[in-house]
1. How charged is the neighbourhood of D236? Take every other residue with its Cβ under 9 Å from the Cβ of D236, and add Lys/Arg as +1 and Asp/Glu as -1.
2. What is the chain's relative contact order, in percent, from Cα pairs under 8 angstrom and six or more apart in sequence?
3. Among bridges DSSP assigns within the range 218-372, what percent are antiparallel (round to 5)?
4. Taking every DSSP beta bridge that has both residues in the chain, what percent is antiparallel when rounded to the nearest 5?
5. Using θ = phi - 60° and the Karplus form 6.51 cos²θ - 1.76 cosθ + 1.60, what ³J(HN,Hα) does each residue of the range 65-73 get, whole Hz, x for Gly and Pro?
6. Which links in K327/K392; K327/K505; K34/K505; K51/K81; K299/K392 stretch past 24 Å when you go from one Cα to the other?
7. What area, in nm² and to one decimal, does the C-alpha convex hull of the chain cast on average over all directions?
8. Could you compute the net charge surrounding T63? Neighbours are other residues with a C-beta less than 9 Å from the C-beta of T63; K and R count +1, D and E count -1.
Amino acid sequence: MTKRRKPQSELWVTHEVDRTEGATARAANVAAAKSLAETVRTTLGPEGMDKMIVGSDGTVVVTNDGTSILARMDVADPTAKLLVEIAQSQDQSVGDGSTTAVTLAGALLEAAEDLLEMGVHPTTIVNGYRRAGEVAVDRLRAETIDVDPTDEDELRQIGATAVTGKWDDESAQYLSRLAVRGITEVAEGESVDVRNLTLRAVPGGSLRESTVLDGVSIDIGSSSTSLESFSPRLQDTYEPATVALLDAELTIEKADAVSNATISNPSQLRELQSYEESIRVEAVQKLVDLGVDVVFCQKSIDDEIRSRLARVGVLAIERTRQDEMYKVARVTDATLERSVDDVSSAALGRAPHLERRTVGPTELLVVSTAVPGAHLSLLLRGGTEHVAEETKRVLEDCLSVVQLALQGQTVVPGGGAVEFSLACHLRSYAAQTDGREQLAIDSFADALETIPATLAASSGLDPLDTLVDLRARHHRGETTVGVDVIDRSLADMQAKAVFEPLAVKRYALSNALEGATTILRIDDVIAVEQTGDDHRHDHERSGSQHTGGYPWAIGH
Ligand code: ADP
Ligand code: MG
């Protein structure tokens with residue numbers, strides 16, 4: 001590696017820098033990004049391998065999810081960090097396809113490495129990749145299959161594609177059913193507000209005990225919400241429940257004059273105590289008179305008030321998280337009030353059913369909804385905490401794809417079928433292209449083929465034979481044929497109902513392209529000793545050129 005030390009001579013550099021330039025910089029960047037992509041690649045698809053990530057603090061996470069892996073790896077290399085950004089942006093934008101995007105970016109870089117060795121200029125590669133990317137994204141439309149958003153079976157099948165392989169087939173179908181039920185119940189037409197869907201992973205139990213709860217669930221075991229008082233009059237179930245929501249503390253409001261008073265003799269103290277007592281009695285009596293069964297309080301509740309409430313059978317829940325307060329308000333149609341004084345019967349909410357339920361190691365409070373479809377909770381169960389959390393991650397993917405499908409998005413065949421079809425299309429496009437960009441377009445096609453090849457390898461098929469067979473089938477016009485990783489053969493993905501939303505594929509393609517070309521364009525890596533001032537300087541020098549959503553990249 002050619003590294004040279006630069007003196008402090010340049011106008012805008014006021015300190016020493018380490019600098020790697022030209023081909024050396026590019027080769028190092030490509031190698032770093034490629035090796036990270038390789039780690040993620042082997043998790044692709046239903047038969048992909050899991051990775052165990054052991055943190056420096058001893059925490060262990062077992063996952064198959066590209067974004068989780070990258071987010072948890074302690075990636076020091078700056079270019080490898082670009083891959084982390086690819087995965088994150090994929091997840092944030094469309095919710096699925098992060099492994100595909102990172103795998104494609106890695107494959108594009110690997111193919112570029114060969115071209116660089118052959119003496120193709122990086123700019124030619126970047127231009128060729130850009131053209132290929134545009135052609136591929138355009139072509140994607142032609143590969144789509146329409147879905148009927150009202151066909152729940154089809155939605156379930158799409159959801160199942162996002163989760164197959166993480167568990168056995170029946171479990172995947174089971175979870176996909178939960179996801180479709182969750183999404184369709186909170187959907188209003190095509191619009192889905194996922195905030196109305198709470199995903200809650202609780203360790204213990206089996207996956208099949210996962211269920212949909214109609215309403216809001218509050219984890220009393222792990223949230224700050226506490227239920228300390230015990231009284232035989234407190235019920236586990238209220239049917240229906242009248243609820244009051246307090247936005248502040250539930251405590252005695254001391255008048256300034258009283259709280260600042262200096263108590264000089266026992267009779268004054270008694271007077272103060274009886275004053276406070278009367279306020280407590282009044283507050284409790286008011287709630288009882290209003291017929292309140294449960295009080296949710298955003299802050300703490302005076303111990304004495306809580307135990308008085310418990311004695312009269314009113315459940316008092318303190319330190320309820322703000323978002324949970326709002327959810328309860330929504331499902332019970334209650335209004336948040338500042339104090340007991342402000343609570344009127346119009347501010348109260350009603351839940352058809354409110355229940356304290358022990359689930360695994362924790363206790364949940366389930367507030368069912370009076371407004372149909374206002375809120376649903378998906379309760380996910382699974383052996384250990386790791387398994388339950390992984391179930392939650394996978395279900396998030398499932399929910400995203402079902403949501404996209406429901407919103408009238410069309411789908412493309414999965415199992416590498418669409419990538420292979422795009423590759424075929426690009427090869428014929430390359431043949432009509434003059435100059436060295438042709439080579440880059442062909443390399444783009446090679447990179448796309450790594451998706452079916454990886455799926456084949458993961459299920460024990462020979463990747464090369466699979467590509468040869470795929471070519472024969474696609475040339476015969478069977479463009480929806482892909483790798484059936486479950487049956488370990490080639491199959492028509494449309495017949496098998498292995499679909500993925502168009503948006504996921506389109507974003508994965510452009511995301512991978514953007515990431516790979518950004519890395520290829522860097523020919524200078526300068527390590528700067530950061531000071532606030534110099535940082536601003538650098539920005540001024542490079543200008544604010546657009547870097548395609550990569551704020552850390554150097555604009556060209
Ligand atoms: P990503 O993070 O990219 O979504 P996944 O591990 O979820 O990665 O794998 C997605 C890939 O697996 C897609 O190419 C999808 O078409 C493929 N796939 C999913 N289910 C099946 C199946 N039953 N048969 C074949 N391929 C499948
Ligand atoms: Mg996926």
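1. +1
2. Relative contact order here is 25 percent.
3. 60 percent
4. If we restrict to bridges inside the chain, about 70 percent are antiparallel.
5. 9, x, 5, 4, 4, 5, 5, 8, 6
6. In this structure, K327/K505; K299/K392 lie more than 24 Å apart at Cα.
7. So the mean shadow area of the Cα hull is 34.1 nm².
8. Around T63, the surrounding residues sum to -1.
We did not get these values from a lab; they are worked out from the coordinates using the rules stated. For clarity, every value in this text was computed on a predicted model and none was experimentally measured. Don't worry about glycine lacking a Cβ; one is built from the backbone with ideal geometry, like all the others, and counts go over all protein chains shown.
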